[in-house]
Amino acid sequence: MWRYFAGGAGALVLAFAAMFLFRGSAAPEVKVPPAPVAAAGEVQEALPDEAPRAADKTREQKRFDRLDKDKNDAVSRDEFLNLRRRAFAKLDTNGDGRLSFDEWAVRTTTRFAGADKDKSGTLTRAEFATTAPKRRPAQPRCACPKPAAAKKAPSAPVEDEGEGGEE
């Protein structure tokens with residue numbers, strides 16, 4: 001008999017625990033703040049009729065147009081390799097059409113020579129720290145205009161219009 005009593009008491013304890021659990025987990029009602037009221041004399045700008053659109057050309061179309069030098073809507077092999085030829089010509093300092101290791105590594109060797117202040121042929125920790133690449137500050141992903149600074153209007157008592165209608 002005592003088993004029935006213990007089972008009933010356990011069921012009541014579980015029911016009360018569930019009631020408290022479900023009551024505490026309900027999402028509170030979200031209250032939306034009222035829209036800001038324009039101060040006296042301040043004119044609010046009207047929203048545009050149409051949302052702004054992205055440019056008609058995609059990134060790939062722009063890239064294609066940069067490579068298509070003769071504007072015939074086709075990129076030839078020579079046009080495609082032209083960027084590489086210009087980069088090669090910059091590195092080929094003696095103009096022999098061959099790229100030696102020193103010509104290829106000119107930026108690195110110049111950077112090493114500039115960092116080696118005591119001209120010992122080795123870099124100390126302090127000298128090596130000067131060779132760290134310069135990092136650009138992170139740009140924000142959104143190019144949204146900054147919101148106008150809110151002008152603080154003198155606080156005036158709000159009058160209730162009541163049932164009289166508009167003046």
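The values are calculated or read from the model by the stated rules, or taken from the named source; none is laboratory data. Since we're looking at a predicted model, the values are computed, not measured. Cβ placement follows ideal geometry from the backbone for every residue including glycine, while neighbour counts extend to all protein chains displayed. Side chains are part of the model used for accessible areas, which takes the heavy atoms of the whole protein and leaves out ligands, DNA and RNA. Shrake-Rupley method; radii C 1.70, N 1.55, O 1.52, S 1.80 Å.
Numbers at a glance
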item	result
Within region 45-121, GluC sites (Glu not before Pro) in DSSP loop having at most 15 other beta-carbon neighbours inside 10 Å	Glu45, Glu50
Inter-label distance for Glu60 and Val30, nm, one decimal - labels placed 7 Å from Cα along Cα-to-Cβ	3.7
Efficiency of FRET between Arg84 and Phe128 - r from beta-carbon atoms, R0 35 angstrom, step 0.05	0.65
Percent accessible area from carbon and sulfur atoms, region 63-141, protein chains only, probe 1.4 Å	56
Net charge of Cβ neighbours under 14 Å - reference Glu127; Lys, Arg +1; Asp, Glu -1	+2
Alpha carbon convex hull of region 75-126, volume per residue in cubic angstrom	104
Within-13-Å neighbourhood charge of Asn72 [Cβ basis; K, R +1; D, E -1]	-4
Backbone HN-Hα couplings from phi across region 93-110 [Karplus 6.51/-1.76/1.60, Hz, Gly and Pro as x]	5, 8, x, 8, x, 10, 10, 7, 4, 5, 5, 5, 9, 4, 5, 5, 5, 5
Potential lengthening between Ala138 and Ala18 on full extension [0.36 nm per residue; Cα-Cα distance subtracted]	38.2 nm
Under Karplus coefficients 6.51, -1.76 and 1.60, residue-wise ³J(HN,Hα) of region 122-138 in Hz, glycine/proline x	9, 10, 7, 4, 5, 5, 5, 4, 6, 8, 4, x, 7, 8, 7, x, 5
